[in-house]
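Worksheet: one structure, shown below.
The values are calculated or read from the model by the stated rules, or taken from the named source; none is laboratory data. Given the structure is predicted, the values throughout are model-derived calculations rather than measurements. Please note: Cβ atoms are built from the backbone with ideal geometry, for glycine as well, and neighbour counts cover all protein chains shown.
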Amino acid sequence: MSDEETQRKKVTIDDQTIQRGPQGATHQVAEGDIPTLTTQQGTPVADDQNTYKAGARGPTLLEDFHFREKIFHFDHERIPERVVHARGYGAHGFFELTDSLGDLTTASVLSKVGERVPAFVRFSTVAGNKGSFDLARDVRGFAVKLYTEQGNWDLVGNNIPVFFIQDAIKFPDMVHAVKEEPDRGFPQAQSAHDNFWDFASLSPETVHMLLWIMSDRAIPRSFRFMEGFGVHSFRLIDAQGKSTYVKFHWKPKQGLQSVVWNEALKINGADPDFHRRDLWDAITSGNYPEWELGVQLFDDEFADKFDFDILDATKLIPEEILPIRRIGRLVLDRVVDNFFAETEQVAFCTQNVVPGIGFTNDPLLQGRNFSYLDTQTKRLGGPNFTHIPINAPKCPFHNFQQDGHMAMHNPKGRANYEPNSWGAGPRENPKTGYNANAEQIDGPKTRERGERFADHYSQARQFFISQTQPEQTHIKNAFVFELSKCENPAIRSRVVSHLLNVDETLAKGVAEGLRLEKLPQAAPPARTPITNLPPSPALSIVKNGPGNFSGRKIGVLVTDDTDAALLDGVLAAAKTENTIVELVAPAVGGVKTTDGKLRPAGQKIVGGPSVLYDAVIVLTSAEGTKLLLGESTARDFVADAFAHAKFIGFGEDAAPLLEKAGITKSDLDDGILLLQKAADATKFIEKCRDLRFWAREPKTHAV
Ligand code: HDD
């Protein structure tokens, strides 16, 4: 035994055998079930704490292959992040068909009722980089990969049913404009800057989408509480080659819910991982999020009745005109094992369709079909990204594609072409193989858009008038916020000139919020807007809430001597509603309640602001309340919940904290409930089913 070895002292921590080196560093050594550390080549490693040196004080020797391999691999850990949708989070699950479309399509995934098809879904924001925060005002990606028996079908959608632009050739401009400005490299993950609004206001086709991203759709409370849309019109193709138009929708079983803007700003500081943590927590606690797959089916005759073109991705077909047929369910029931391997390496491609599903001539979709394959090759380093397990089909697949960087599927045998005389497959199959619909195409080569792409305002107006009052106010406030970040007054004015074609009250409200000196002229529309489209209730979030408080989270502020019976009442009522409760306390170790029990906390107050919860309850004891009166974080906990129109429950002893937070007796509205006995907790949760007490909001948002 060397001197060093004799100096090592064996200690045991949490059942793991470790040794302590001369400088005190711990060496975990292979023993029992712990395997031996090796290099990539499988060579066992004796010491992973020290490089090889000539003498204890160096220099380091180049021959240390373990050190070189370790550092080399570390240096190469990063791959390029996605050029858009860089920040995202994925989960596994399954899709199950409940209503067959077998008469319209040869796609087995849309024909075979009851069969479970494995699924992987990645949600994302668009503009921010991989390390940006979750609650940016932004579109959310909703990309679904279904591993069907006929190959992978990727439905690469968003949580908003329309898009900014009509033709893929404008995509790089639009993305450049919204991302950080190229000279200064900021702002990160936000559209609130000159470049974005400059581009948007010079491109009237963005106006409908602008209304959506200024709405609360762009600040969802959770990935679980948002809809998904395929956006484009696609096709279903039957065995005879006949096609039917289809628009795809994902409807969350959990109902729709968003946060408010001031809350979003604060959540980004308190928990930049708010959405990914929410998804992780929900799935790992068995609260599997679920969506219904809905379809809108129509033919050319129906499409021709509209003033807009169904190939235009800036338009939607209101559900009230063409009802959604719900045909299946998507359930997410498994988190990833490894974020990089699955969420980062998953490669969605719009061109991944299966027999029975086809494209339309939507110029945005056609362009996407090039872009996705191209981008994956760059991002994942070569043409064999399809061999990565998360991207490989789960059905058998055979072809003669070969070689390339990192080839993992290397066929055996002599034949690598077809036809061949060696009797070796695979071979094409006209019966089961993919056939596009045999659409007759005839037209001059031209760089034009269809005439029915020219109306940019009618559906923007329809969206606005479909919103409830608080939602309309939020849209107005969002325009004011974003445009207030634009330095160039001409850009602010130009945006208002478009809004005048959407809704005069909205335009005037924004102009007033910006303190524009004079209202601009309305932008001359390329096509006269239709102003009598009826409201579509399906477009409002508030009108499509869950009707329950399931899967939502209450933050309960507690101190030593919190009333145990009341707290237990809250816990019991929450359990019945499937609501999560998190205790927020002066120290994370917890509090001793009146029954003498130690109740561990989920958060220390400073790390658990009320913006992280859907509703709050203040159950501090008289002494505890006194202690917290001097704590700004405790005051903010209550004041923010009040300002964000949340339901607030409180025990009698907590009343002084409410007052300190600026909630006077006259402010005690129907959204605030005094909890006196355990049964009151049930009443409180029933109130919470409305999610917010919107009637309070006009009072709290004076400016
Ligand atoms: Fe896209 C990623 C959704 C238009 C080019 N897009 C990407 C993702 C989603 C969407 C959800 C992230 C996928 C993932 O999680 O990995 N994109 C849309 C929707 C669009 C749309 C709903 C309009 C209806 N996209 C669009 C156009 C182009 C692109 C017009 C280019 C012409 N999109 C890309 C891309 C990305 C991408 C550059 C970046 C990373 C990736 O593909 O995998 O190819």
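Quick notes
- Options Gly141, Gly151; residue that is surrounded by 21 or more Cβ atoms within 10 Å (Cβ to Cβ) and either under 12 Å from Thr125 (Cβ atoms) or not aliphatic (A, V, I, L, M) (or both): Gly141
- The number of residues in the stretch 391-441 being within 30 Å of Thr343 (Cβ to Cβ) and hydroxyl-bearing (Ser, Thr, Tyr) comes to 1.
- Each residue in the stretch 644-662 was checked for being within 26 Å of Ala264 (Cβ to Cβ) and buried (at least 21 other Cβ atoms within 10 Å of the Cβ), and 10 of them qualify.
- Candidate set from the stretch 154-189 (those that are basic (Lys, Arg) and surrounded by fewer than 21 Cβ atoms within 10 Å (Cβ to Cβ)); member that is farthest from the ligand (Cβ to nearest atom): Arg184
- Filtering the stretch 306-327 to residues that are among the hydrophobic types (A, V, I, L, M, F, W, C) and either in contact with a Gly (Cβ under 6 Å, 6 or more places away or on another chain) or assigned to a strand (DSSP E or B) (or both) leaves Ile324, Ile327.
- Remark: Phe171 matches the filter, which requires a residue to be more than 19 Å from Arg329 (Cα to Cα) and either outside the structural domain of Ser371 (by TED's automatic domain parsing) or modelled with pLDDT of 95 or more (or both).
- Tally of residues being more than 10 Å from the ligand (Cβ to nearest atom) and either not assigned by TED's automatic domain parsing to the domain that holds Thr148 or not polar (S, T, N, Q) (or both) across the stretch 338-383: 14
- Only residues that are in contact (Cβ under 8 Å) with a residue 24 or more places away in the chain and either surrounded by 13 or more Cβ atoms within 10 Å (Cβ to Cβ) or within 31 Å of the chain's Cα centre (by Cα) (or both) were counted in the stretch 380-399, giving 13.
- Residue within the stretch 450-461 that is part of a loop (DSSP other than H, G, I, E, B), more than 27 Å from Arg217 (Cα to Cα) and not aliphatic (A, V, I, L, M) present: yes
- Residue match in the stretch 649-667 (condition: farther than 21 Å from Val591 by Cα, without any contact (Cβ under 8 Å) to a residue 60 or more places away in the chain and in contact with a strand residue (DSSP E or B) (Cβ under 8 Å, 6 or more places away or on another chain)): yes
Residue by residue, here is whether (1) modelled with pLDDT under 95; (2) surrounded by 15 or more Cβ atoms within 10 Å (Cβ to Cβ); (3) under 19 Å from Lys660 (Cβ atoms) holds:
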| residue | (1), (2), (3) |
| --- | --- |
| Leu567 | no, yes, no |
| Val570 | no, yes, no |
| Val584 | no, yes, yes |
| Pro600 | no, no, no |
| Ser610 | no, yes, yes |
| Ser632 | no, no, yes |
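- Entirely in the stretch 201-305, the helices (runs of 4 or more DSSP H) that have 3 or more residues that are surrounded by 22 or more Cβ atoms within 10 Å (Cβ to Cβ) and at positive phi: none
- Residue match in the stretch 328-336 (condition: part of a loop (DSSP other than H, G, I, E, B), assigned by TED's automatic domain parsing to the domain that holds Asp103, farther than 14 Å from Gly230 by Cβ and within 15 Å of the ligand (Cβ to nearest atom)): yes
- Residue check for Asp563: farther than 23 Å from Ile672 by Cβ, of a type outside the set (Lys, Arg) and over 29 Å from the mean Cα position of the chain (by Cα): no
Condition check ((1) among the charged types (D, E, K, R); (2) at pLDDT below 95; (3) farther than 23 Å from Val570 by Cα) across all residues:
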{"position": "Ile663", "(1), (2), (3)": "no, no, no"}
{"position": "Ile672", "(1), (2), (3)": "no, no, no"}
{"position": "Arg689", "(1), (2), (3)": "yes, no, no"}
{"position": "Glu697", "(1), (2), (3)": "yes, yes, yes"}
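- Any chance Ser124 is more than 21 Å from Gly228 (Cβ to Cβ) and not β-branched (Val, Ile, Thr): no
- Residue count for the stretch 349-392, restricted to those that are among the hydroxyl-bearing types (Ser, Thr, Tyr) and assigned to a loop (DSSP other than H, G, I, E, B): 2.
- When the stretch 55-104 is limited to residues that are basic (Lys, Arg) and surrounded by fewer than 17 Cβ atoms within 10 Å (Cβ to Cβ), the one that is nearest to the ligand (Cβ to nearest atom) turns out to be Arg78.
- Single residue of Ile491, Ile475 found to be within 21 Å of Lys315 (Cα to Cα), crowded, with 19+ Cβ neighbours inside 10 Å and not assigned by TED's automatic domain parsing to the domain that holds Gly589: Ile475
- Single condition Gly513 does not satisfy, out of (1) in a loop (DSSP other than H, G, I, E, B); (2) in contact (Cβ under 8 Å) with a residue 24 or more places away in the chain; (3) surrounded by fewer than 20 Cβ atoms within 10 Å (Cβ to Cβ): (1)
- Filtering the stretch 192-244 to residues that are within 16 Å of the ligand (Cβ to nearest atom) and hydroxyl-bearing (Ser, Thr, Tyr) leaves Ser203, Thr206, Ser233.
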